[in-house]
Amino acid sequence: MKIAILSRKSSLYSTRRLVEAAKQRQHHVEVIDYLRCYMNITSNDPRVIFKGRSLEAFDAVIPRIGASHTFYGTAVVRQFEMMGKLTLNRSQAISRSRDKLRSLQIMARHGIGLPVTGCAHSTRDVSGLINTVGGPPLVVKLLEGTQGIGVVLAENKAAAESVIEAFRGLKAHIIVQEYIEEARGADIRCFVIGGRVFAAMMRSARRGEFRSNLHRGGSAAKIAVSAEERNVAVRAAAAMGLSVAGVDILSSKHGPVVIEVNSSPGLEGIETCTGKDVAGAIIRHIEKAADAGHTSDRIQE
């Protein structure tokens with residue numbers, strides 16, 4: 001099979017591992033910088049062109065679209081879909097997961113456990129917004145933030161009002177969520193591939209920090225997830241329409257709650273922590289998907 005990996009850099013750990021795994025299984029694989037692609041958008045002969053070369057020869061596409069390039073990256077993925085190519089995660093599913101508010105609304109509609117979440121536009125309604133999530137302490141999140149950036153813990157009402165008003169003063173879109181104190185600064189990353197949890201790790205925040213992201217200095221340990229956590233992770237990925245996803249879960253007194261679903265989860269942390277060949281599992285999944293034939297995205301909103 002000829003596989004295109006849409007990635008900005010071939011040197012990135014996740015990209016390198018996917019290339020290695022594909023070659024080990026005797027596939028032809030090439031890394032394509034999706035920002036350097038351009039498209040011929042026609043009804044009878046849609047094409048993606050890279051460095052003057054049309055890419056119709058590829059059988060399958062693995063999108064590794066950066067959060068800051070979601071708009072153009074998903075447009076390229078969508079063009080491959082128009083060409084009838086198999087894509088590991090479809091463009092619409094990637095767009096859903098990247099919009100934090102939209103993804104939470106979709107999961108809520110599917111009955112998936114979430115932290116109590118509020119959203120408002122006007123700063124005149126700050127007090128009501130704070131009360132909606134049960135009051136402080138609470139977490140304020142930028143909708144455009146990634147890797148823990150733009151996530152603030154407000155421990156009292158004055159701090160919460162100040163942070164919310166500051167973000168809204170900058171015209172930033174935010175959500176406000178209850179603070180799950182019992183999680184103790186730890187979350188669970190479930191790596192879902194093809195409708196099952198293939199690997200999982202617990203990420204713990206460093207001292208003095210509540211964000212558990214590894215990019216923020218957090219640590220990780222291999223974990224055996226419960227049946228309930230496994231079920232929630234699989235349902236969250238399915239609600240987004242993602243074949244491969246990193247689902248982040250907090251353990252609350254009400255049970256597991258999902259805080260985010262990542263459509264391009266990094267492989268380094270999960271492979272290093274668990275010792276599992278996640279890249280190989282992804283390649284095996286795309287082989288099975290190719291054998292079964294292309295499936296369209298039928299998730300309704």
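What follows is calculated from the coordinates using simple rules that are stated; it is not laboratory data. Just so we're clear, the structure is a prediction, and the values are computed from it rather than from any experiment. Methodologically, a virtual Cβ is constructed for each residue, glycine included, from the backbone with ideal geometry; neighbour enumeration extends over all protein chains shown.
Expressed as a whole number of Å, what is the distance separating the alpha-carbon centroids of the range 2-55 and the range 155-169?
Value for the Cα centre distance between the two parts: 43 Å.
Hey, fewest Cβ within 10 Å first, where do 189, 124, 109 land in order?
Least to most surrounded, the residues fall as 124, 109, 189.
Give me 50, 71 sorted ascending by neighbouring Cβ count inside 10 Å, so fewest comes first.
Least to most surrounded, the residues fall as 71, 50.
Nearest 500 deg cm²/dmol is fine: what mean residue ellipticity at 222 nm does the chain get from its DSSP H runs of n ≥ 4 alone, each adding -39,500 (n - 2.57), divided by its residue count?
Helix-only estimate at 222 nm: -10000 deg cm²/dmol.
Could you please rank 121, 28, placing first whichever residue has the fewest other Cβ atoms within 10 Å of its Cβ?
Placing the least packed residue first, the sequence is 121, 28.
Choose one of 86, 63, 40: the residue whose Cα lies farthest towards the positive end of the charge dipole of the range 2-89 (beta-carbon charges +1 Lys, Arg; -1 Asp, Glu; about the Cα centre).
63
In the chain, how many lysine pairs have Cα atoms under 19 Å apart, counting only pairs 8 or more places apart or on different chains?
Close lysine pairs under the 19 Å cut-off: 14.
Please give me, ordered by residue number, the trypsin sites (Lys or Arg not before Pro) of the range 27-75 that lie in loop per DSSP and have at most 11 other Cβ atoms within 10 Å.
The qualifying sites are 51.
Which value, in debye to the nearest 20, describes the size of the charge dipole of the range 28-180 about its Cα centre when Lys and Arg Cβ atoms bear +1, Asp and Glu Cβ atoms bear -1, and nothing else is charged?
In total the dipole reaches around 240 debye.
Please name which of 13, 240, 190 has its Cα lying farthest along the dipole of the chain towards the positive end, using unit charges on Cβ (Lys, Arg +1; Asp, Glu -1) and the Cα centre as origin.
Looking along the dipole axis, the top candidate is 13.
Just how large is the dipole of the chain about the Cα centre, in debye to the nearest 20, putting +1 at every Lys and Arg Cβ and -1 at every Asp and Glu Cβ?
For this selection, approximately 540 debye.
What distance in nm separates the two pseudo spin-label positions at residue 101 and residue 9, each 7 Å out from Cα along the beta-carbon direction?
Distance between the two pseudo-spin positions: 3.2 nm.
Need one number: nm distance between label points at residue 291 and residue 254, each 7 Å from Cα along Cα→Cβ, rounded to one decimal.
Taking the simple label geometry, residue 291 and residue 254 are separated by 4.2 nm.
Which of 180, 221, 162 sits closest to the plus end of the dipole of the chain, meaning its Cα is farthest towards the positive end, when Lys and Arg get +1 and Asp and Glu get -1 on the C-beta?
221
Treating the beta-carbon of each Lys and Arg as +1 and of each Asp and Glu as -1, no other charges, what is the dipole magnitude of the range 182-292 about its Cα centre, to the nearest 20 debye?
Roughly 280 debye, rounded to the nearest 20.
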